[in-house]
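Take a look at the structure set out below.
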Ligand code: SAM
């Protein structure tokens, strides 16, 4: 996969893209990431990229020319999936991360200040918001998208880690424990050290359903539940 990020603040990406799983994915060639400062595409003497809003109002709006020139400079930009980060977009979730991880080429545009001249919408395919709050710029949103997408690219991380995690089947993940068995009087549930795989499976499924029922009942409505799950849920409701 190739990812191009259009930003005024390329340095914001240095740390995250050069650490841990993303760093390894880049080194192994699973993903190529280019961070481009679209200011360098401004066709005016002072490389100005913003201006006052038509109709008046506070703040500055990013002009369309540097962004479009930058987009057009990217090889095969027409066939790429072009994403605009914006609080007005569809709220990002794991399903969207999964579908983006199957694309060959993503281009992500980071806005700033009051946002971008609305005519940019003629050049993009998707508007994505990472939640109902306002960030100062699209860089953190772009990083959230990139991070969640890269870990889903085949062979970037262990397949089992991806299939059994939160949201993979519209359930939150079961609780995880590790050594020591007892810490300041807090013990690990005994079933996890029983060695009985079937009992461990049942315990984890029950706990995943319980967590989802209490914290995210909206997810449960979309989950595929079998008879055992329905029995577990009845037990949870009656507890
Ligand atoms: N005036 C805009 C509004 O009210 O919707 C907010 C602009 S915000 C200060 C500047 C940039 O940050 C946006 O253009 C967008 O790229 C990014 N941004 C802010 N909040 C975001 C969110 N929740 N999701 C994705 N991008 C966001």
Check the range 75-84 and report whether any residue there is in contact (Cβ under 8 Å) with a residue 60 or more places away in the chain and within 14 Å of the ligand (Cβ to nearest atom).
yes
Which condition breaks for residue 82 when tested against (1) over 14 Å from residue 109 (Cβ atoms); (2) in contact with a strand residue (DSSP E or B) (Cβ under 6 Å, 6 or more places away or on another chain)?
(1)
Could you grab me the full set of residues in the range 169-188 that are closer than 25 Å to residue 227 by Cα and surrounded by 12 or more Cβ atoms within 10 Å (Cβ to Cβ)?
169, 170, 171, 172, 173, 174, 175
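Regarding residue 159, is this residue more than 16 Å from the ligand (Cβ to nearest atom), farther than 30 Å from residue 203 by Cα and surrounded by fewer than 15 Cβ atoms within 10 Å (Cβ to Cβ)?
no
Based on this model, can you work out whether residue 43 counts as farther than 30 Å from residue 153 by Cβ and buried (at least 16 other Cβ atoms within 10 Å of the Cβ)?
Values: farther than 30 Å from residue 153 by Cβ: yes; buried (at least 16 other Cβ atoms within 10 Å of the Cβ): no.
No: the conditions fail for residue 43.
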Count, please, the residues in the range 96-144 that happen to be assigned to a strand (DSSP E or B) and within 14 Å of the ligand (Cβ to nearest atom).
10
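Taken together, the values in this text are just the output of simple stated rules run on the coordinates, not laboratory data. None of the values given here were measured: they were computed from a predicted structure. Using ideal geometry, Cβ is built from the backbone for each residue, glycine included, and neighbour counts are taken over all protein chains shown.
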